[in-house]
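Participant: Below is one structure. I have some questions about it.
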Amino acid sequence: MSLSNFALVDLTQAKAHLRIDAAASLHAYAEYVGVGDDVETEFDLDNTPVDGSLRLYVDGTLQVETTDYSISVATITFVSAPSDGDPITASYSYAADDDTFESYDDLLLENLIEAATKKAEDFTGRAFIQGTITEIHFGDGAKVMKLFKQPVGSITSVARMIAEAVGTGDGEDVEFTLNETPTVGSVSVYKDDVLQTITTHYTISGATITFVAAPADETKITAKYTHTISAISEYIEWLSIGRLNSINGWTANTLYKVVYTAGYGATRAATQALIPDAVAAVLMMVAYLYENRTDLVHGESVTGIGAVTYELPLYIERSGANLLLNPLRVNIL
């Protein structure tokens, strides 16, 4: 798989945050570089330090770049050779090589990133990266409907979901009229509970259904569709708090389909800059789940335990992107 556009962190960021081995940390904390002999001035580091990150010590004393040494790529050249027997150590950050993360299970990490992003969104009631969200809300007669995610950028549409008994066939009539004008493309028409195909079996114009052939006598005609309602005349948008205020109240026992845009930034990079705390939370969740899985992958067998299977997260639809977390489970058979 590949990460969806809604995942808050990318694969490289997740791998760099893990602490399973030294290579994963991308930092050398106390690398032994060598020992002085009063003659040698050049010593090589194991990796190329990130500019400005090197801390070099001779016998525990911090050295000053230019004054005490210079560095070219990963080679250190001392101005004066370190004294005989003096240990030389270094700490520094370094960039990942192409094979730094070869041993990681990319598929598992990508699933954990998606799951952790969704879990953090659900816990905070937020949408991180901007996208289209479709929600179903149940009307209870109250005036205020609270959307599930914030911050809300705009409302795309609000529609009632309608299931309607349209009429009964008599073998002659081909036209039947719905109670409301449906949202374009939302209609499903049934004859005696058998789904009909538009164009092949019927056409629709506004609220009028016209069958190609008249439904037989006593045939039940039913339809399911959504009817888009209008802002201002039927409800008011309170976007700053993620609520919709119905002028006459959201009709009890009625389902409403709300489509809206929510999130902080249009891209992963833009969103990360706006909510760094959420980035840290997602990385921590990914690291915790990955590092505590005892390094078992998908279906390995362990002596004394038996077969171990990891079930990856399952998802629900979010405007075409699959993002719902189900708990990660370990089955020991």
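The values are calculated or read from the model by the stated rules, or taken from the named source; none is laboratory data. All figures in this text were calculated on a predicted structure; none of them were measured in a lab. Note that we place each Cβ from the backbone using ideal geometry, even for glycine, and neighbour counts take in every protein chain shown.
Participant: Could you please find all residues in segment 136-156 being surrounded by 13 or more Cβ atoms within 10 Å (Cβ to Cβ) and of a type in the set (Gly, Ala, Ser)?
Facilitator: Of everything in segment 136-156, those that are surrounded by 13 or more Cβ atoms within 10 Å (Cβ to Cβ) and of a type in the set (Gly, Ala, Ser) turn out to be Gly139, Gly153.
Participant: Condition first: buried (at least 18 other Cβ atoms within 10 Å of the Cβ), at pLDDT below 95, outside any loop (DSSP other than H, G, I, E, B) and in contact with a Ser or Thr (Cβ under 9 Å, 6 or more places away or on another chain). Can you find one or more residues in segment 106-114 that meet it?
Facilitator: Yes, because at least one residue in segment 106-114 is buried (at least 18 other Cβ atoms within 10 Å of the Cβ), at pLDDT below 95, outside any loop (DSSP other than H, G, I, E, B) and in contact with a Ser or Thr (Cβ under 9 Å, 6 or more places away or on another chain).
Participant: Check whether at least one residue in segment 266-284 is modelled with pLDDT under 90 and under 14 Å from the mean Cα position of the chain (by Cα), and report yes or no.
Facilitator: no
Participant: Same structure, new question: Quick one: which of Glu237, Glu175, Glu218 is touching a Leu at 6+ places or on another chain (Cβ under 7 Å) and not small (Gly, Ala, Ser)?
Facilitator: Among Glu237, Glu175, Glu218, only Glu237 is touching a Leu at 6+ places or on another chain (Cβ under 7 Å) and not small (Gly, Ala, Ser).
Participant: Kindly indicate whether Ala159 is in the same structural domain as Leu244 (by TED's automatic domain parsing) and surrounded by 16 or more Cβ atoms within 10 Å (Cβ to Cβ).
Facilitator: For Ala159, the condition - in the same structural domain as Leu244 (by TED's automatic domain parsing) and surrounded by 16 or more Cβ atoms within 10 Å (Cβ to Cβ) - is met.
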